[in-house]
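These notes concern the structure reproduced below.
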């Protein structure tokens, strides 16, 4: 009888121990909540600043600025006593062509020479001079280069000429062809025309004024139209020259501007100090790589909700044991993400896990890797709940942390894409670009959210199309 009582008492005591253990509430010390300040540097962008100019527009500008009388020498005694008077009128429109980096000119002229005739230092008794008249098309080639200070340098050289009406001398009212004589006299005046052409090109191509206008525009925040309050902020800091090119009736002048470009949400960025247009640097390798840096965040409340939706209201079986996750809360502990979860079932209490947040490019989601029970949680439970450490729970929670970035920023991406479709900035300037892909360059934890530097890659240009810049450099 006593032995039976002892057995019953032992079984009761064992049952009590089991019940007490099963009802024990675990509450390990939580990982310290802390956040590391990380200096953020946006990825660099290259903005193409270009002018796509029609040669016909340059023709109109040159013809409008070119006086009807291009050259006039009214004295026999100047020019070291050349005994020559010479006058040239524009006889029609200047025609231009541009291939590669060379501008070709055709300048139609009507010319009149007056050559004093002397023999042994005395005028001939019958004539004081001989008069020549004719029509000619002069041809020139101009090499264009841009100096580091943005000034245009041109070198114009004669490319020959064609007589459309050969000159003749009038003696006694009769025209006597003297083309050979005039061909000897004309080259002395060609250099004067070359100098005038260089002056006209330098005046017509105000490339520095154009570049300064575009440079100043970049410092102004751009409002991106759409339902979101999104702004594009540009900070340019260096410029490299893109070689001048021409073909099919167009002249293309351009520069590559190195800058930081950010898309800011929900607040109007202040206009930064407009730095002076820097000197041109040498372009080492052409590129149109463009990156918009968008600092976005995913609130911890959103992450908590998504994990709860994935894992809540379900009981998970581990052999003979069962566990239910009741609540989730994530926060930062230095550069790691901590997951706090309360559980019921075979064990009760609070568990802590930590892992490293990262961007998963295949499906553009925020995920967490190397998720493990925190060391304090592990030490507290190793003796009574060792079965927790098989890795199953860590894998389940890690799978539930798949927070989509794409849906969070898709509207902003669409707004930026629409904004880059021939967006007029005024004064003949427009933005053109195309977004190609999305990536995340860095993640870091703040007290309220996981912040991500989202990078849109593509190309962007600020251009002046079809007209010459009418600006005055400051």
(request) For a quick protection proxy, order the peptides 365-374, 245-254 by their average other-Cβ count within 10 Å, most packed first. (result) 365-374, 245-254
(request) Please sort 59-72, 435-448 by packing, taking for each peptide the average over its residues of neighbouring beta carbons within 10 angstrom, highest first. (result) 435-448, 59-72
(request) Measure out, as a whole number of angstrom, how far apart the alpha-carbon centroids of segment 359-410 and segment 290-315 sit. (result) 13 Å
(request) With no solvent and one equal point scatterer placed on each C-alpha of segment 312-379, evaluate the Debye formula and give log10 I(q)/I(0) for q = 0.20 Å⁻¹, two decimals. (result) -0.91
(request) Write down the Kirkwood hydrodynamic radius of segment 290-440, to one decimal in angstroms, obtained as one divided by the mean of 1/r over all alpha carbon pairs. (result) 18.0 Å
(request) For a footprinting-style exposure proxy, rank 337, 30, 381 by other Cβ within 10 Å, fewest first. (result) 30, 381, 337
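Rule-based calculations on the coordinates, nothing more; no lab input. It should be emphasised that the depicted structure is a prediction, and the values quoted were computed from it without experimental measurement. FYI the Cβ positions are ideal-geometry reconstructions off the backbone, even for glycines, and counts take in every protein chain you see.
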